[in-house]
Amino acid sequence: MSNFENPYAPSQGPAMFDRDMHEGELATLSERFSGAFIDGIINLVTIVPLALGAGFFLGAMMGDNPTTQLIAQVIGGLLGIAGFLAIQGYFLSTRSQTIGKIAMKTKIVSDSGQPLNFGELYLKRYLVIQLLAILPFIGGLIGLIDTLLIFRSSRKCLHDDIAGTKVIKLHS
């Protein structure tokens with residue numbers, strides 16, 4: 001029996017929504033890593049020097065003691081957050097993408113596949129982890145856990161779980 005004669009056979013013609021066929025598919029580990037790597041390089045050359053400079057300045061002004069180091073770490077972290085928003089905020093608010101995600105043709109959406117407004121996206125997905133990361137002693141551990149969780153079958157990091165988001169591929 002040919003497909004024409006079988007009313008239950010799948011269509012052999014072109015997909016009705018061919019351009020959207022890949023949209024909604026989870027981004028691969030390599031796509032997510034590459035996007036994060038690009039964003040990390042951008043942070044490394046722009047934000048890190050700003051935060052380190054603030055720490056050195058505070059140390060020189062206030063002396064080098066544990067309290068000053070803690071204040072410098074917090075101020076450096078807050079400057080890092082401000083720098084992140086200055087560089088990535090526009091793209092996150094208008095496209096739900098960072099520069100790395102734009103390059104890798106991936107996008108952040110809610111778990112149900114819906115777009116997110118900027119406040120929801122930034123506050124839940126980024127700010128929570130950014131604030132936890134600047135905490136002395138445990139900040140680095142939280143960052144490591146956040147990253148390692150991507151190896152689950154859902155390919156979601158801790159920040160995705162907190163915000164109820166996922167990263168999907170965009171159609172070409």
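Of everything listed in (1) in a helix (DSSP H, G or I); (2) crowded, with 16+ Cβ neighbours inside 10 Å; (3) not basic (Lys, Arg), the single unmet condition for LEU131 is (2). In the stretch 108-115 there is no residue matching the filter, namely being over 13 Å from the mean Cα position of the chain (by Cα), loosely packed, with under 14 Cβ neighbours inside 10 Å and in a helix (DSSP H, G or I). Using the structure shown, decide if PRO136 is outside any helix (DSSP H, G or I), out of contact with any strand residue (DSSP E or B) (no Cβ under 9 Å at 6 or more places or on another chain) and not hydrophobic (A, V, I, L, M, F, W, C). Considered against the rule, which asks whether it is outside any helix (DSSP H, G or I), out of contact with any strand residue (DSSP E or B) (no Cβ under 9 Å at 6 or more places or on another chain) and not hydrophobic (A, V, I, L, M, F, W, C), PRO136 comes out as yes.
If you go through the stretch 66-101 and keep only what is surrounded by 15 or more Cβ atoms within 10 Å (Cβ to Cβ) and in contact with a strand residue (DSSP E or B) (Cβ under 9 Å, 6 or more places away or on another chain), you end up with LEU92, SER96, GLN97, THR98, GLY100, LYS101. Can you pull out every residue in the stretch 123-172 that is of a type in the set (S, T, N, Q) and over 25 Å from ALA82 (Cβ atoms)? Result: SER153, SER154, SER172. Exactly one residue among LEU121, LEU148, LEU141 is assigned to a helix (DSSP H, G or I), of a type outside the set (Asp, Glu) and touching a strand residue (DSSP E or B) at 6+ places or on another chain (Cβ under 7 Å), and that residue is LEU121.
Just so you know, all these numbers are worked out from the coordinates, no wet-lab data involved. Everything numeric in this text was worked out from a predicted model, so none of it was measured. Here Cβ is always computed from backbone atoms with ideal geometry, including for glycine, and neighbour counts include all displayed protein chains.
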